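The values are calculated or read from the model by the stated rules, or taken from the named source; none is laboratory data. What you see is a predicted model, and the numbers here were worked out from it, not measured in a lab. Here Cβ is always computed from backbone atoms with ideal geometry, including for glycine, and neighbour counts include all displayed protein chains. SASA here: full protein model, heavy atoms, side chains in, ligands and nucleic acids out. Shrake-Rupley method; radii C 1.70, N 1.55, O 1.52, S 1.80 Å.
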Amino acid sequence: MSEITFASLGLAEPLLRAVADTGYTSPTPIQAQAIPLVIQGGDLLAAAQTGTGKTAGFTLPILQLLLNKGPVTANGRPRVLILTPTRELAAQVEESVKTYSKYVKISSMVVFGGVNIRPQQTRLRTPLDILVATPGRLLDLVGQRSVDLSGVEILVLDEADRMLDMGFIHDIKKLMAIFPKERQTLLFSATFSDEIKELADKLLKNPGLVEVARRNTTNELISQRVHLVDRDKKLPLLTKLIQDGNWHQVLVFMRTKHACNKVAEKLNASGITAMAIHGNKSQNARTAALAQFKSGELQVLVATDIAARGLDIEELPHVVNFELPNVAEDYVHRIGRTGRAGCTGEAVSLVCVDELKLLAEIERITKQDIPKFCLEGFEADLRIKPEPILRGGLGRDRPPRDPNRNPRAPRGPAAAGGARLNGARSKALAETAAAQTAAKSEVRAERRPRVEGEAEARRPRPESTGEQRRPRSDGDNRRPRADRPEGVTTEARRPRPDSQAADTRRPRNDGAPRSSNPRNAPRTDSVMAAPAAPRRERINYDEQQPMSNANTLPGELMRSGRSGQGQTRGYQGGGRNGGPGTGATRNASDGMGAPRGDRPQQNRSGRPSSGRPTAALLGGSGSKRRGE
């Protein structure tokens with residue numbers, strides 16, 4: 001059988017030249033089977049191991065199909081749409097499109113979240129052939145009518161299984177309602193799970209099937225090993241492996257974002273250049289870290305599973321699973337970052353006693369026994385009780401919670417054992433609650449000593465052992481101060497009026513004075529007494545007129561029943577006390593030393609008001625009555 005070449009797959013000469021520039025001479029199995037099927041124009045469901053060239057398997061035939069058609073003329077109306085689950089993968093796919101289309105006139109762009117949407121909207125106002133996007137940002141652009149998807153002829157779902165894992169199925173369904181019914185759909189995935197097959201049944205029509213490897217099969221070019229180590233010795237072991245092995249490019253996988261940041265900080269403190277990449281990082285920071293790692297400027301890149309799909313790092317030699325993934329299938333994608341394009345690689349996993357079950361599940365789905373080692377000085381103590389994975393690992397700084405401790409102890413009858421608790425655990429919780437209640441009672445008893453035969457008494461005030469208070473004179477009613485010269489007193493209070501001097505309050509039953517506080521006594525002998533202000537005349541509001549006409553309006557309206565025109569006329573307009581429209585002159589004193597008619601009307605802020613307090617109340621303009 002003759003060897004298959006790219007020329008035998010029906011690709012045009014410009015595309016073959018671009019492929020030759022990349023250094024590839026023969027197609028991979030997935031490329032050799034997928035490219036002819038896509039060029040024929042039918043739907044395709046393809047699955048292959050990670051790192052086997054799936055991106056070129058759909059990029060090259062799509063470019064070939066576009067070359068056979070005329071140039072695009074509509075603005076913001078792409079003919080090909082490629083959906084990816086992550087931003088990094090979208091940027092990588094668009095880079096591959098540019099690489100293979102550099103000798104042909106085909107335009108492409110990528111859109112994803114985390115960056116400004118304005119430049120993307122500006123670019124979409126020009127003719128476009130291929131659009132690479134993440135589902136979230138694409139829906140945003142569709143909602144703002146910045147992109148028209150009615151002209152999509154070819155739809156590609158790359159890493160479809162990862163899309164389902166990340167919860168993009170609802171976004172995909174919304175987009176499917178926008179796409180035209182007549183289109184070519186290509187679905188590429190690393191695995192053929194039941195969810196993928198169900199999605200393919202809804203999206204594809206009589207698809208061709210390409211599967212070049214068994215599900216969850218690891219690359220044979222990747223050497224795998226496991227180091228058994230205690231959880232608190234993982235970081236020193238990782239540092240030793242990097243330094244002793246002179247590893248210059250290492251991709252470290254973690255389960256949590258916090259753990260990524262912490263490991264990166266510790267490695268930098270040890271003299272190893274490292275950066276973290278995860279979902280909480282800005283897109284600019286993620287792009288910069290990935291670029292430095294690919295160029296070799298960065299020695300270690302610490303990442304979550306965001307980097308486990310589709311990232312193509314040329315000749316990456318080492319991948320370290322600092323923490324095993326919760327989903328066993330993700331292990332295959334993690335180690336698949338190395339050993340790509342026919343190169344060899346090494347995958348090292350640091351496993352503690354908490355992760356032994358995860359390791360057994362990984363070995364079960366991959367159908368292989370991974371070699372296990374223990375380095376001297378980093379041996380694992382398998383007698384340690386395993387901790388839950390969700391709370392274990394480096395992402396937690398506090399000690400493990402005592403399983404016998406009840407954070408929500410019952411109160412009331414339950415604390416005293418009155419509640420009906422069943423089982424040994426409920427009994428233990430009840431005993432713990434009772435012990436806590438008894439401890440609190442002892443603390444209260446120490447704070448409040450009880451006397452036999454008497455009610456609970458207050459603790460007597462201890463005798464003062466310091467300096468005694470200076471006895472005050474008859475006129476000095478202040479508390480003594482050390483910095484006040486002797487004989488100098490404070491300002492005396494103004495004497496209360498005679499009408500208020502008499503104490504009319506209810507007397508005390510025990511005949512004692514009302515208050516022993518010396519501040520409450522009148523001060524009459526001050527040497528710094530200020531002149532007393534003139535006494536304000538108290539107003540009897542039952543006999544005199546109120547402060548303003550506005551306050552009397554509701555009462556008079558109630559008495560008049562809003563029927564007398566002459567009675568309300570006096571409150572219209574802006575006049576007061578004989579002004580236009582007033583019915584009577586009111587010069588009664590307002591208690592401030594001047595008649596109301598001689599004092600300007602003021603609001604609460606102290607500023608003169610507009611003189612029309614009743615206009616808004618009656619709903620009129622202030623110059624005429626309503627209805628005139």
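Which of the lysines could a cross-linker bridge to K281, judged by Cα under 22 Å and excluding same-chain residues fewer than eight apart?
By straight Cα distance, K281 reaches K257, K262, K266, K294.
Can you spot the lysines whose alpha carbon is less than 21 Å from K440's alpha carbon? Ignore those fewer than 8 places along the same chain.
K427
Could you do me a favour and compute the accessible area per residue for the range 115-166, 1.4 Å probe, result in Å²?
39
Once you order the gyration tensor axes a ≥ b ≥ c over the Cα atoms, which shape class does the range 52-182 get: rounded for a/c under 1.5, otherwise prolate or oblate by comparing a/b with b/c?
The shape class here is rounded.
Taking the range 99-142, which trypsin sites (Lys or Arg not before Pro) meet the DSSP loop condition and have no more than 11 other C-beta atoms within 10 Å?
Qualifying residues, ordered by number: K105, R125.
Between A269 and D21, what length in nm is gained on full extension when 0.36 nm per residue of separation is reduced by their alpha carbon distance?
Value of the extension gain: 85.1 nm.
Could you please report the charge total around G76, scoring K, R as +1 and D, E as -1 over all other residues with beta-carbon less than 15 angstrom from its beta-carbon?
+4
Sticking to Cα atoms, compute the Rg of the range 106-189 to one decimal and its Dmax as the biggest Cα-Cα distance, whole number, in Å.
For the range 106-189, the Cα radius of gyration and maximum Cα-Cα distance read 12.7, 34 Å.
Could you give the C-alpha radius of gyration of the range 136-266 expressed as a fraction of 2.2 N^0.38 Å, taking N as the number of residues it contains?
With N residues counted in the range 136-266, Rg over 2.2 N^0.38 Å equals 1.52.
Can you check what the Kirkwood hydrodynamic radius comes to for the range 230-315, Cα pairs only, in Å to one decimal?
About 13.1 Å, per the Kirkwood formula over Cα pairs.
Give me the compactness ratio for the range 41-99, meaning the Cα radius of gyration over 2.2 N^0.38 Å.
Rg over 2.2 N^0.38 Å, computed on Cα atoms: 1.25.
Please tell me which of these pairs span more than 31 angstrom C-alpha to C-alpha: K98/K174; K202/K357; K54/K205?
K202/K357
Can you give the FRET efficiency for A438 and N326, using 1/(1 + (r/R0)^6), R0 = 41 Å, r = Cβ-Cβ distance, to the nearest 0.05?
0.45
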